[in-house]
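The values are calculated or read from the model by the stated rules, or taken from the named source; none is laboratory data. Since the structure is predicted, the reported quantities are computational estimates derived from the model, not experimental observations. All Cβ positions, even for glycine, are placed from backbone atoms using ideal geometry, and neighbour counts span all protein chains on display. To get the accessible areas, we keep the full protein, side chains included, count just its heavy atoms, and leave off ligands, DNA and RNA. Shrake-Rupley method; radii C 1.70, N 1.55, O 1.52, S 1.80 Å.
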Amino acid sequence: MAKKIQFLVWIICFIFLYNVSAQEKTAEKENRLVTKANERYEEYSFSPAIDIYKRVLDKGYASADLLKKLGNSYYFNANYTEAATTYKRLVEEYPKDVEAEVYFRYAQTLKTLGDYEGSKNVMSKFAELTGEDTRAKLYKREEGFLEDIKNNSGRYNVEPFAYNSPYSDFAPSFYKQGLIFSSDRDTGNLARYRHTWNSKDFLDLYKVNADSVSMNNVSKLGEGVNTRLHESTSITTKDGSTLYFTRNNFKEGKYIKDEEGVIRLKIFRATMTEEGEWGNLEELPFNSDAHSVAHPALSPDEKTLYFVSDMKGTLGASDIFMVAINEDGSFGEPTNLGGNINTEARETFPFVTSEEVLYFSSDGHPGLGGLDVFATKIAKANLNGTVMNVGEPINSKMDDFTFIIDEETREGYFASNRSEGQGADDIYAFLETKPLVLECVQEITGTVRDKISNAVLVGATVKVIDEDNNEVMTTITDSNGNYRLTLDCNQGNFVRSSIQGYVPSEEYLGKSDDKPRIIDFYLERDTITAGFGDDLAKLLQLSTIYFDFDKYNIRKDSEVEVEKVIAAMEKYPSLKLKVNSHTDSRGKDAYNLWLSQKRAEATVSYMVSKGISEDRLTGEGFGETKLVNKCANGVSCTKTEHELNRRSEFIIQE
């Protein structure tokens with residue numbers, strides 16, 4: 001019996017050890033799969049990564065890292081339904097391990113699926129975690145973005161491009177009388193190139209209606225440009241002699257990878273040869289094996305190149321940059337377009353019109369889902385204008401990108417992966433029936449004055465500060481204390497007035513119409529900086545306190561000025577004054593001395609009756625001893641000249 005029990009124990013141990021060994025082998029196998037998937041993920045090869053992550057997940061092996069990478073893979077592959085499902089599971093099962101960026105992508109997927117309320121709730125969590133993020137600020141400022149988009153919608157008649165294929169067609173650019181565009185129609189690769197720098201599908205550049213050869217017929221741009229690798233977004237000069245385009249980083253027929261295994265993108269420049277072919281290819285000098293440079297666009301004068309990159313200084317996943325093109329064809333130093341246009345997400349596919357309107361795609365600015373098309377006026381190098389969503393039907397819940405427009409004909413093209421398309425991505429033609437109002441010009445005028453004296457302040461500074469505390473413009477008041485400004489009323493602004501010795505004052509102007517407004521500023525002195533013995537009335541630019549002939553009561557017209565002195569004493573509690581009063585030369589000297597003393601006492605009594613402490617005031621009469629003009633005894637003067645001597649002064653005391 002004992003041997004039988006011992007045998008059973010041995011069998012159980014064997015089974016247990018076998019199971020443990022099998023579980024260890026299975027776990028080891030799954031770990032290898034996850035490692036392999038992670039390698040694909042890090043290479044931006046999202047489709048293979050998805051397949052492996054799903055296999056592991058289906059077998060019951062889950063982690064926060066796996067769900068995050070699977071969700072991101074779906075997101076970057078534009079499979080927003082699966083992305084939302086995966087992000088939802090990640091948030092619910094591993095809330096402590098969820099990064100802020102995941103909440104942003106989760107909110108974007110929900111928006112793409114039409115769940116705007118759910119997207120709003122998730123975006124609130126993102127904003128809570130990243131209050132200083134540009135996207136969080138935009139969300140807080142524009143929670144009613146759907147209403148803004150609605151107001152911009154309905155301005156385009158859209159129809160499918162006649163030359164779409166069942167594959168990917170996108171990136172139209174004007175060329176001669178037709179278009180250049182990018183397509184993978186010859187290879188049939190359906191990889192989601194636009195979400196990653198690692199574009200491994202074999203896209204080529206095609207032309208249509210550009211010359212007699214390609215009229216109503218799609219043909220490749222030529223072997224001088226197209227290779228067995230990837231060529232995409234392009235722009236040509238108006239004379240058709242120079243072409244800028246995007247291509248995979250490749251050298252001597254081989255892909256070049258960076259340290260992370262990513263095949264970056266570069267911009268190349270080609271010129272038209274005498275034989276009518278594209279040649280003389282050269283890399284742009286700010287290309288790099290370590291970062292991507294892609295999606296070229298030209299300014300109207302063709303002296304500035306705009307492009308997209310993740311180079312050093314990039315705010316998000318990709319930013320729009322600009323660089324000067326010198327007369328000899330060389331380039332200046334690239335400059336980031338800044339935080340008004342670029343966000344911590346993706347800004348890409350720029351296009352600049354003849355009227356200097358920058359169109360670009362972004363998933364960082366408030367939109368309908370995925371990449372949306374936005375516009376902003378950049379005339380005179382102003383990069384702080386309103387960034388506006390162009391609305392439906394250009395934008396949709398899916399990705400909308402590579403927007404171009406001819407501002408003379410109001411015709412243009414863009415690409416989208418919306419469900420009604422023929423292929424993975426399709427080009428759409430449109431006619432703009434109503435222009436997008438990017439500039440809401442509002443004239444602001446006003447006067448800057450001293451709050452106490454009402455005197456105009458000449459040379460006061462008046463600034464316009466946007467809601468992110470960036471200075472937009474500045475001016476100074478003229479000789480009459482007046483100023484004039486022209487504001488963009490599509491955005492909120494603060495108008496702030498200041499001058500040395502005064503406390504600055506400002507007024508907030510929210511989004512409004514273009515009706516002119518008058519804003520007057522009344523500034524308070526920050527302190528009384530005059531010294532002992534100075535006349536406060538002159539310091540505050542008050543009118544002189546005058547008295548009627550042979551009277552010592554305060555005149556009605558003088559009450560206003562005395563009230564200003566009282567206001568100054570209320571503002572500055574440590575201020576003490578001596579009231580010096582005077583008469584004209586008519587009458588006996590002794591009487592005039594008495595009369596002036598009564599005027600000083602009457603002025604002090606008036607101020608005390610208004611609440612000023614008596615210990616802060618003294619008064620003295622000087623009779624006719626301190627005349628301000630020639631009107632002494634025996635001198636013939638007019639009544640007006642004599643009146644100038646019947647006055648009170650307010651002398652600052654220690």
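Placing a label point 7 Å from the Cα of Arg586 along the Cα-to-Cβ direction, the residues of the stretch 616-633 whose backbone N falls under 20 Å from that point are 622-633.
Which of the trypsin sites (Lys or Arg not before Pro) found in the stretch 611-642 are loop residues per DSSP with 16 or fewer other Cβ atoms within 10 Å of their Cβ? Each step should come with its number before you reach the end.
Working: sites: Arg616, Lys626, Lys630, Lys639; in loops: Lys626, Lys630.
Answer by residue number: Lys626, Lys630.
Here is how the number arises for the chain: DSSP H runs of 4 or more residues each give -39500 (n - 2.57), the sum is divided by the residue count, and the result at 222 nm is -8500 deg cm²/dmol. Solvent-accessible area assigned to carbon and sulfur over the chain amounts to 50 percent, based on a 1.4 Å probe.
The phi-based Karplus calculation (6.51 cos²θ - 1.76 cosθ + 1.60; θ = phi - 60°) puts the 3J(HN,Hα) values of the stretch 620-634 at 8, x, 10, x, 9, 7, 10, 5, 9, 9, 7, 6, 7, 4, x Hz, whole numbers, x for Gly and Pro. Label positions at Glu524 and Lys176, each projected 7 Å from the Cα along the C-beta direction, are separated by 7.3 nm. Between Arg484 and Glu128, the simple spin-label model (points 7 angstrom out along Cα→Cβ) gives 5.1 nm.
The value of relative contact order for the chain, using C-alpha pairs under 8 Å at least six residues apart, is 8 percent.
Full extension of the chain between Ala64 and Asn121 yields a length gain of 18.4 nm, computed as 0.36 nm times the residue separation minus the alpha carbon distance. The residues of the chain present an accessible area of 48 Å² per residue when probed at 1.4 Å with all protein chains retained. Charge tally for Arg586 (other residues, Cβ to Cβ under 12 Å; Lys, Arg +1; Asp, Glu -1): -3. Applying a threshold of 32 Å to the alpha-carbon distances of Lys69/Lys266; Lys207/Lys266; Lys463/Lys538; Lys564/Lys630; Lys610/Lys630; Lys150/Lys303 flags Lys610/Lys630; Lys150/Lys303 as lying beyond it.
Segment Lys551..Asn633, full-extension length gain: 27.6 nm, with 0.36 nm per residue of separation and the alpha-carbon distance subtracted. In this rough spin-label picture, where each label sits 7 Å from Cα along the Cβ direction, the Ala100-Glu506 distance is 2.3 nm.
Multiplying the residue separation of Ser609 and Thr335 by 0.36 nm and removing their Cα-Cα distance gives an extension gain of 92.1 nm. Take every pair of alpha-carbon atoms less than 8 Å apart whose residues are at least six positions apart; their mean separation over the length of the stretch 434-544 yields a relative contact order of 32 percent.
Computed from the C-beta positions of Lys434 and Met473 and an R0 of 30 Å, the FRET efficiency is 0.55 to the nearest 0.05. Other residues lying with their Cβ under 9 Å from the Cβ of Asp169 contribute a combined charge of -2, Lys and Arg counting +1, Asp and Glu -1.
Near Glu344, the amide H atoms lying under 5 Å from its own belong to Thr134, Arg135; only residues 5 or more places off or on other chains count, and H is placed 1.01 Å from N. For the peptides 97-106, 506-515, 297-306, 389-398, the ranking by mean Cβ contacts within 10 Å, running from highest to lowest, is 389-398, 97-106, 297-306, 506-515.
Relative contact order of the stretch 481-590: 16 percent, from C-alpha pairs under 8 Å at least 6 residues apart in sequence. Applying 1/(1 + (r/R0)^6) with R0 = 60 Å to the Cβ-Cβ distance of Arg89 and Glu327 gives a FRET efficiency near 0.55.
Which FRET efficiency, nearest 0.05, do Ala290 and Arg55 yield, Cβ-Cβ r, R0 35 Å? It comes to 0.60.
Computed from phi, the 3J(HN,Hα) profile of the stretch 79-91 under the Karplus parametrisation 6.51, -1.76, 1.60 (θ = phi - 60°) reads 9, 6, 5, 5, 4, 4, 4, 5, 4, 4, 5, 4, 5 Hz, with x in place of Gly and Pro. Using the alpha-carbon positions of the chain, Rg (one decimal) and Dmax (whole number) come out as 37.9, 151 Å. Backbone phi angles across the stretch 347-354, fed through the Karplus curve with coefficients 6.51, -1.76 and 1.60 (θ = phi - 60°), yield HN-Hα couplings of 10, 7, 6, x, 8, 10, 8, 5 Hz in residue order; Gly and Pro are listed as x. Distances between placed amide hydrogens fall under 5 Å for Asp400 paired with Leu371, Asp372, all partners being 5 or more residues away or on another chain.
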